[in-house]
Amino acid sequence: MTSYPTLQEAIDANPGRIFRLPSRDYEISRALVTNRDNTELYGPARIVQTNAKEPIVRIEKAANVRIMNLSFTRSEGNQDTNQPGHVARQCRDLEFSNLRVSENHSNSSIVAMSSRDVRVQNCIVTNYKGEALDDRTQTERLGYAFTSVDGTGIQMRDVDGVSIRNNRTSEYRLMPTKEVRDRYDLGTITMVTKPSRNAPKEMIDARYTNNWHQARASTWRRPRARGGRSSPETSSNIATKAWMFTPTTSSSPATSPATASSA
């Protein structure tokens with residue numbers, strides 16, 4: 001690693017190799033990208049993304065990729081983002097193992113899309129939620145938009161062959177409390193197309209909805225069947241398949257995190 005100016009240049013110059021990153025911080029301003037088969041990154045280093053406009057890691061059209069025993073975070077001032085932490089697209093045989101992903105205030109900290117045979121195990125995801133605008137104006141039966149909290153710790157979208165085990169997602173910042181609601185002005189209706197059965201006039205007149213906390217610890221959406229539709233799986237109904245989640249909340253959420261675990 002010392003013979004290359006940046007971590008990305010080392011990855012590009014050695015496709016399909018195994019990289020051990022020693023115990024230090026690596027600051028990056030662009031996503032670490034790999035699109036070569038058989039690439040492995042393992043720690044115990046910490047990767048710090050200093051650019052809110054970039055993901056931390058991007059894996060594209062690659063097979064047999066392993067990311068293990070590493071920590072990933074964003075620098076102060078760059079933690080609120082619309083970018084995922086780790087994003088994988090059109091990959092096969094992908095493993096995220098023993099990772100710590102923190103302060104990625106976004107829609108997803110670890111997300112795989114249009115892939116197969118993905119494993120996420122023994123990972124800790126912390127403070128993954130972010131402020132968002134939940135725009136439902138294009139849905140005829142709703143027809144309004146509002147300020148909200150959103151984000152998913154681990155997200156699988158159109159992935160076939162998923163193993164998610166022994167992970168932990170925790171949120172210390174954007175808890176479902178009155179203090180957080182008032183601080184960030186959450187639940188405020190910002191746009192209305194027309195009142196509907198699910199957006200009654202009383203709610204619209206008040207310009208407030210109480211369903212502002214939209215975040216999820218983990219979700220999995222199965223691949224689309226030919227001529228059919230995919231459907232989301234959440235922590236409440238995946239337990240009958242292969243996952244078990246045990247949500248834990250505290251009686252004093254201002255000081256204790258909301259936590260979900262997968263086993």
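The values are calculated or read from the model by the stated rules, or taken from the named source; none is laboratory data. Bear in mind the structure is a predicted one, so any value in this text is a computation, not a measurement. Glycine gets a Cβ as well: all are built from the backbone with ideal geometry, and neighbour counts include every protein chain shown.
Of the listed requirements (1) crowded, with 19+ Cβ neighbours inside 10 Å; (2) touching a His at 6+ places or on another chain (Cβ under 9 Å), E131 misses just one: (1). Exactly one residue among N211, N166 is under 30 Å from E95 (Cβ atoms) and surrounded by fewer than 19 Cβ atoms within 10 Å (Cβ to Cβ), and that residue is N166. Number of residues in region 133-159 that are among the hydrophobic types (A, V, I, L, M, F, W, C) and within 14 Å of the chain's Cα centre (by Cα) equals 3.
Of the residues making up region 170-225, those that are modelled with pLDDT of 85 or more, over 28 Å from the mean Cα position of the chain (by Cα) and not in a helix (DSSP H, G or I) are V192, R207. Residues that are of a type outside the set (D, E) and either surrounded by fewer than 13 Cβ atoms within 10 Å (Cβ to Cβ) or part of a loop (DSSP other than H, G, I, E, B) (or both) within region 1-19 comprise M1, T2, S3, Y4, P5, T6, A13, N14, P15, G16, R17, I18, listed in sequence order. When the residues of region 68-117 are filtered to those that are within 17 Å of R168 (Cβ to Cβ) and β-branched (V, I, T), the one that is nearest to the chain's Cα centre (by Cα) is I110.
Among the residues making up region 181-205, those that are touching a strand residue (DSSP E or B) at 6+ places or on another chain (Cβ under 8 Å) and not acidic (D, E) are Y184, L186, G187, T188, I189, T190, M191, V192, T193, A199, M203, I204. L133 falls short of the stated requirement of being assigned to a loop (DSSP other than H, G, I, E, B), among the aliphatic types (A, V, I, L, M) and over 26 Å from I11 (Cα atoms). The strands (runs of 3 or more DSSP E) found wholly in region 47-128 and carrying at least 1 residues that are hydroxyl-bearing (S, T, Y), modelled with pLDDT of 95 or more and more than 26 Å from V149 (Cα to Cα) occupy 92-97, 108-121.
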